[in-house]
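The values are calculated or read from the model by the stated rules, or taken from the named source; none is laboratory data. As the structure is a prediction and not an experimental result, all values here were calculated from the model. FYI the Cβ positions are ideal-geometry reconstructions off the backbone, even for glycines, and counts take in every protein chain you see. Surface accessibility is based on the protein's heavy atoms, side chains included, excluding ligands, DNA and RNA. Shrake-Rupley method; radii C 1.70, N 1.55, O 1.52, S 1.80 Å.
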Amino acid sequence: CLLNRSIQSAYPPGSTLKMLSAIVGLDAGLIDRDTKFGPCSGALFFGDRKFGCWGVHGRLDVTDAIIQSCDVFFYHLAQRMDMDVWNVYAQKLGFGLPTGIDLGHEVQGLLPSPAYYTQRYGKYGWSKGAMLNLSIGQGEILATPIQMARYMGAIGTGKLCTPHLVRSVEGRRQGPQ
C-alpha cells in the first residue's frame, strides 16, 4: 500500500498561515496596513508562557511582518482575534476540508476550533494562547500539501479552485500502440 503524501499526509503549515491571519486582521478591521505592533524583541510573554520569535524585528506593519516572518507581530494580532472568526476565513481558504481533487482517499487535515479544544483538553484546559499558535501556523492545525497549494493559489488569484489531475481526455486511441 503506497501513501500519496500530497493528499494523504497532513503537516503544520507554519509561517505560510501568517497571510491568513493578516487577511483576517485586515478584513475584520482589527488592523489596517499602517498598524504597527512591537517592538519585537524576540519573544512575547502571554500569561505565564514565553512565545518566541526567530529574530528581533522592532516595530513592524503587516507588510513588513509578513516579509520578515515576525511571529511577535502575529501574536499581538492574535490577541485581537476570535478563533471562530479566524476559522471561518480558514475554511473559506480550504483548511479542514478536502480539496475535491480527483484522487481517492484524500484526508481533510485538521482545523481546530474552540469545540475541538474543549473536547480534547476540557473546558479549562486551553486558553487564548492556542490562537497565538494558530496565527503563525503552529499548534494543532494540519494541512495537506495539496491544501497548501490550493491556499497559495487562492491568495494569488482570489479564487479557491478545485485541483484536477486531468481535465479531459481527447482523442483516445484504441488498440495497441
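With label points built 7 Å along Cα→Cβ from the Cα atoms of ALA149 and PHE45, find their separation and express it in nm.
4.6
So with the 1.4 Å probe, I'd like the accessible area per residue for the stretch 1-72, rounded to whole Å².
Value for the stretch 1-72: 57 Å² per residue.
Kindly identify the stretch 82-177 as rounded, prolate or oblate by the Cα gyration tensor criterion: order the square roots of the eigenvalues as a ≥ b ≥ c, call it rounded if a/c is under 1.5, otherwise compare a/b with b/c, prolate if a/b is larger, else oblate.
prolate
Starting from the Cα-Cα distance between SER15 and LEU165, subtract it from 0.36 nm times their residue separation and give me the gain in nm to one decimal.
Once the chain is fully extended between SER15 and LEU165, it gains 51.3 nm.
Counting alpha carbon pairs within less than 8 Å and at least 6 residues apart, what relative contact order, in whole percent, applies to the stretch 60-177?
28
Rounded, prolate or oblate, given the Cα gyration tensor of the stretch 104-147, with a/c below 1.5 counting as rounded?
Verdict is oblate for the stretch 104-147.
In whole percent, how big is the carbon plus sulfur part of the accessible area of the chain, probe 1.4 Å, protein atoms only?
53
Over the stretch 1-140, calculate the relative contact order: mean separation of alpha carbon pairs under 8 Å at least 6 apart, over the residue count, as a percent.
Once divided by the residue count of the stretch 1-140, the mean separation gives 31 percent.
Can you work out the PRE-style zone for ARG33? Point 7 Å along Cα to Cβ, and I want the residues of the stretch 66-104 with backbone N under 19 Å.
Answer for this model: 66-69.
Apply the Karplus curve 6.51 cos²θ - 1.76 cosθ + 1.60, θ = phi - 60°, to the phi angles in the stretch 56-72 and return the couplings in whole Hz, x for Gly and Pro.
10, 10, x, 8, 10, 8, 4, 4, 5, 5, 5, 4, 7, 6, 7, 4, 4
Tell me, what HN-Hα J-couplings in whole Hz come from the Karplus equation 6.51 cos²θ - 1.76 cosθ + 1.60 at θ = phi - 60° for each residue of the stretch 77-89, using x for Gly and Pro?
Along the stretch 77-89, the couplings run 4, 4, 5, 8, 8, 9, 4, 4, 5, 4, 5, 4, 5 Hz.
Hey, of (i) 1.02; (ii) 1.21; (iii) 1.53, which did the structure itself give for Cα Rg over 2.2 N^0.38 Å when calculated?
Comparing each candidate, only (ii) matches the computed number.
Please work out how much length the chain gains when fully extended from TYR124 to ASN4, using 0.36 nm per residue of separation minus the C-alpha to C-alpha distance, in nm with one decimal.
Separation in residues times 0.36 nm, less the Cα-Cα distance, equals 39.4 nm.
Looking at the chain as a GNM with Cα springs under 10 Å, which of PHE45, PHE73, PHE95 has the largest mean-square fluctuation?
Between PHE45, PHE73, PHE95, it is PHE45 that shows the largest mean-square fluctuation.
Classify the stretch 33-88: rounded, prolate or oblate, from the alpha-carbon gyration tensor (a ≥ b ≥ c, eigenvalue square roots; a/c under 1.5 rounded; otherwise prolate if a/b is larger than b/c)?
oblate
List, in the order given, every pair from LYS18/LYS123; LYS18/LYS50; LYS50/LYS92; LYS36/LYS159; LYS36/LYS123 whose Cα-Cα distance in the structure shown is over 22 Å.
Over 22 Å apart, Cα to Cα: LYS18/LYS123; LYS50/LYS92; LYS36/LYS159; LYS36/LYS123.
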